[in-house]
1. If we scan the stretch 49-69, do we find a residue that is modelled with pLDDT of 95 or more and more than 26 Å from ARG98 (Cβ to Cβ)?
2. Check ALA100, ALA34 and return the single one that is at pLDDT below 80 and among the hydrophobic types (A, V, I, L, M, F, W, C).
3. List the residue pairs whose Cβ atoms are under 6 Å apart, where the first residue sits in the stretch 29-57 and is within 30 Å of ALA14 (Cα to Cα), the second is open to solvent by 10 Å² or more (accessible area, probe 1.4 Å) and among the β-branched types (Val, Ile, Thr), and the two are 6 or more positions apart or on different chains.
Amino acid sequence: MFEIPNFVSWFEAAANAKLEREATNAFVSAAASAWITGMWRSGTAKWAVWFGEGQALQDAAVAAYLTLSQLETKGFLVLTVPSDMLSAAVLSKFQTERMAK
């Protein structure tokens, strides 16, 4: 149905093309933001609701956002996503845990 994009390979490809770090980060940020937004909005599409996949697509978008947002604090990504995805009601359904090595 949806292929998970390989953000790392996009970053490496852009870095190999000798783009500056800021431009590379902007490109990867835009690609990740677009993918997350697309998943979120697709979750409300009639076809997704009809097939019963709407909530799964929206949950995948939120999970991806919460995971990738960890890179925002490190100055790598800047994610821009729909504000309705960031409502307390939506985010309260998710929990992030780190595994100890």
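1. no
2. ALA100
3. That search, which allows pairs on different chains as well, returns SER29/VAL78; SER33/THR80; ILE36/VAL81; THR37/VAL81.
The values are calculated or read from the model by the stated rules, or taken from the named source; none is laboratory data. Quick caveat: nothing in here was measured; it's all calculated off a predicted structure. Here Cβ is always computed from backbone atoms with ideal geometry, including for glycine, and neighbour counts include all displayed protein chains. Just the protein is used for accessible areas: all its heavy atoms, side chains included, with ligands, DNA and RNA removed. Shrake-Rupley method; radii C 1.70, N 1.55, O 1.52, S 1.80 Å.
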